[in-house]
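What follows is a short report on a single structure.
Nothing in this text is a laboratory measurement; each read-out follows from the coordinates by a stated rule. These figures come from a predicted structure and were not determined experimentally. So basically every Cβ, Gly included, is an ideal-geometry build from the backbone, and we count neighbours across all protein chains shown.
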Amino acid sequence: MINEIMIQKNDDIIEALTKWRSISSKNLKALVAESEKGPAFRQRIIRLEAGGIIQSKLQKGFNKIVYPSKALLQRLGIENFNEDNIRHDAVVSMVVSNLINLKMITSGKLPHEFKTKSSWRHHAIEPDAILTILKKKKELVVAVEIELWRKDRKRVFEKLVEYAKADEYDNVLYFFADRSSFESYKKRLSELLLDSDFDHIEDELIQKIIFILNPSILKNASDLLSSEVFHNNKTKKLGDLFE
């Protein structure tokens, strides 16, 4: 049985986990308790774990990841949660929670927020997150993909083409933590652009697809605006896109 008093006393953490589901402890503290002393916040996390309210995993080269326990998920009425994806999902949470601090970005939603019975119409692609960006008085809907592992060449081609054809997204931001994956996707895009079978979507492939390299997304997603970007056949900084 969950301790309801403990939930009430830590409602800031519970609310954050309800939105982000899987999140690094460092990122969680930055979001809900930036001014709180580190040892005090760690003690709160330890007590919540001991009380069966949250769970955590330590992974090599990554911060401690915290996420709701099965009891808390049941208490909150949350069904769709996959523990196998917590590292990937924690990186998604880190990137999106940092991006929504930018002035131009008006909202950032994860799949459990945008894929609901009342709001979700058929989409060919379900991204890792969706951003709403206000640029030059125009609202843009932008998909976010976090690529932590190299994918099959054929699947990369298919997804790039799907995004190029998807009218519901104005752009897609692909984030990479390592240069080899970043360069691999650039090569795949170049191959598509050289293939005459895709001439009819050449403009969409060039304009909509944005590749972003920032190794810090595995730990703190720091200084995202300085990330190296490949877009429209040019190399630039992410900050150049949000001027």
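Given R₀ = 22 Å, FRET efficiency for residue 9-residue 35 by Cβ-Cβ distance, to 0.05?
Calculated transfer efficiency: 0.80.
Where the centroid of each part is defined by its Cα atoms, how far is the stretch 147-170 from the stretch 1-58 in Å?
About 35 Å separates the Cα centre of the stretch 147-170 from the one of the stretch 1-58.
To the nearest 20 Debye, how big is the dipole of the chain about its Cα centre, given +1 on the beta carbon of each Lys and Arg and -1 on that of each Asp and Glu?
With only Lys, Arg, Asp and Glu charged at Cβ, the dipole is about 880 debye.
Bin by bin, in steps of 10 Å, what percent of the Cα pairs in the stretch 126-189 do you find, going until the bin that has the longest distance?
Values per bin, smallest distances first: 20, 51, 25, 5.
Which GluC sites (Glu not before Pro) in the stretch 1-53 pass both tests, a DSSP loop state and at most 14 other beta-carbon atoms within 10 Å?
Numbers: sites: 4, 15, 34, 36, 49; in loops: 34, 36.
Of the GluC sites (Glu not before Pro), the ones in loops of the stretch 1-53 whose Cβ has at most 14 other Cβ atoms within 10 Å are 34, 36.
For residue 109, which aspartates and glutamates qualify as cross-link partners when the Cα separation must be under 13 Å and same-chain residues fewer than eight apart are set aside?
The qualifying aspartates and glutamates are 89, 126, 128, 145.
Kindly express, to the nearest 10 degrees and within the range 0 to 90, the angle between helix 179-194's C-alpha long axis and the longest C-alpha principal axis of the chain.
Roughly 30 degrees, rounded to the nearest 10.
Among (i) 27.0; (ii) 15.6; (iii) 14.4, only one was calculated for this model; which label is it, if the read-out is mean projected area of the Cα convex hull in nm²?
(iii)
Output the pairs from 103/136; 187/234; 208/237; 137/186; 9/29; 187/236 with a Cα-Cα distance over 20 Å in this structure; if there are none, say none.
Checking Cα-Cα distances, 137/186 exceed 20 Å.
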